[in-house]
Each structure stands twice: as structure tokens, then as C-alpha cells.
Amino acid sequence: MHGPASSGWLLVALCAMTGTYCLTRMRGGGATEQRRAAGGEALMGFGMAAMAVPAAVFTPPSWAWSVYAALFTAAALPALWAARAGAHHLHHLVGAAAMVYMSVVMAGSPARAHGGGGSGVPLLTGALLLYFAGYVLLTGVRLVPVAAVAGRNGGGGSAGWGDRPELTRACRLSMGIAMVAMLLTL
């Protein structure tokens, strides 16, 4: 899953910044459902950042992939329950399932997955790639017409960051792009 070190570090930075922004959104004064979604997205961002660390810098022990799989399986359960309510929860479920899949693949063949390629089930990897590529395109199109919500909370304190729909969509777009990058290198 890990490619060249420079692109790996860019992926780590992107996912960590996305996770940090999602934590900021969690602290906002939005509805409970929005805070839960932000928490799931923060977990996903930080998990993706940890999995994207270049292998030349740190190769996790073999048991770490099982921990990742268990963590994302636990994250998929609430998403499975909430998927009854809307499409975005279904996306969280697919994202968590993709992370479980990548963790299992890495646990099964860590030497090949660290840049050797050829790991995973090609049909499943291809289906996930198509899904996330479509998600990235759709989210990108939805991001274009969104106007900035300037000055909504008296000048943009920390509570205002969670109310910015264009930042939330950009956050989701960047995680979708990161997922495509991770799946491509699987």
C-alpha cells in the first residue's frame, strides 16, 4: 500500500489534517448526528494517516494490521446501524469496510503490500476504486457551487469551523482522494 516516501508523507499529512479538522467539527455546536459523523470521519482520517506512513520510515509489526481491522470493524458497526437513515452513513460503512479490507490484505502479505503490489482481490479492489473515484467526482462537483459562509458565528471562532459546508465537503473530498490513492497502491 505504501508507494514512494514523498507521496506517502503527503498522504499522511492530508489524512492527519483532515482528521484534525473533523475533531474540530466534533467540538462544534452542531446536532448530535453531525458530531457523530465528524467523529467517524476523524477516526477514518487518522487511521488512514497511520496506514499511509512510508514503510521506509516505519514498518508496523504484523499484529498491527489485525488491530486496524478490528478498529475499523468496530467503526463499521455504528455506520451499519445508521445506514438505514441515509446515504452518507452508507458511505461511512463502505469506507470502514474498505479500511478493514486493506488491513486484512496488509496482514496477509505485508512484504508485497509495501510497494510490491499484486495484493488483494482484484475484483473487490476494482469495485472499491470505482466507488471512491465516483464519490470523489460527485463530491468535487458538489463542492464547486457552494458559497463560503463568512461571518456566520461572529467572525469564525472555533465553533464556526464546523458550520462551514464547503470545508466539510472539502474534507470528505480529500479523504476520498486519499482512499483512491491507497487502493491504487494496494
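Just a few scattered comments:
- log₁₀ of I(q)/I(0) at q = 0.14, 0.18, 0.28 Å⁻¹ - the range 1-60, Debye sum with one point per alpha carbon: -0.42, -0.60, -0.99
- For the range 66-80, 3J(HN,Hα) per residue [Karplus equation, 6.51 cos²θ - 1.76 cosθ + 1.60, θ = phi - 60°, Hz, x = Gly/Pro]: 5, 5, 4, 4, 5, 4, 6, 5, 5, 6, 6, 4, x, 5, 5
- Electrostatic tally near Leu138: other residues with Cβ closer than 13 Å to its Cβ, Lys and Arg +1, Asp and Glu -1, net +3.
Every number in this text was worked out from the coordinates using simple rules, so none of it is lab data. Computed from a prediction, not measured in an experiment: that's the story for all the values here. Note: ideal-geometry Cβ built from the backbone for every residue, glycine included; neighbour counts use all protein chains shown.
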